[in-house]
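Asks: Can you read through this structure? Questions will come right after.
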Amino acid sequence: MNIRTVTIAGLSAILSMLAAPLHAGGDAAAGKGKTAMCAGCHGITGFRTAYPETYHVPKLGGQNAGYIVNALKEYKAGDRQHPTMKAIAASLTEQDMADLAAYYSAK
């Protein structure tokens with residue numbers, strides 16, 4: 001391992017630990033009931049979307065809760081540009097985001 005890899009891994013771990021308490025209010029059981037819109041793409045192993053261009057659809061299970069919430073907020077704010085994700089995120093409340101993040105991070 002080179003120093004750059006170790007540094008990036010260390011910073012990622014620190015940021016994940018700092019972000020986790022910010023999103024601790026999520027309810028995994030409630031999140032499970034809110035996954036219908038997610039499962040259509042994220043529930044299919046190896047799925048790629050083709051609109052407006054080809055995107056690899058990431059696996060959400062086991063992902064850091066803070067990362068999921070931050071990504072959804074970025075889609076909602078327009079900082080991330082995938083049109084389907086922007087539309088879905090626009091319909092989510094902060095509690096919805098926290099609940100979904102709690103559910104997927106526990107998988």
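Asks: Simple spin-label model, 7 Å along Cα-to-Cβ: MET37 to ALA77 in nm?
Replies: 1.9 nm
Asks: Hey, another quick one. In nm, give the distance between the simple-model label positions of HIS56 and ILE44, each being 7 Å from the Cα along the Cα-to-Cβ direction.
Replies: 1.8 nm
Every number here is computed from the coordinates shown, using simple stated rules; none is lab data. Only a predicted model underlies this, so the values are computations on that prediction, with no experimental measurement involved. Please note: Cβ atoms are built from the backbone with ideal geometry, for glycine as well, and neighbour counts cover all protein chains shown.
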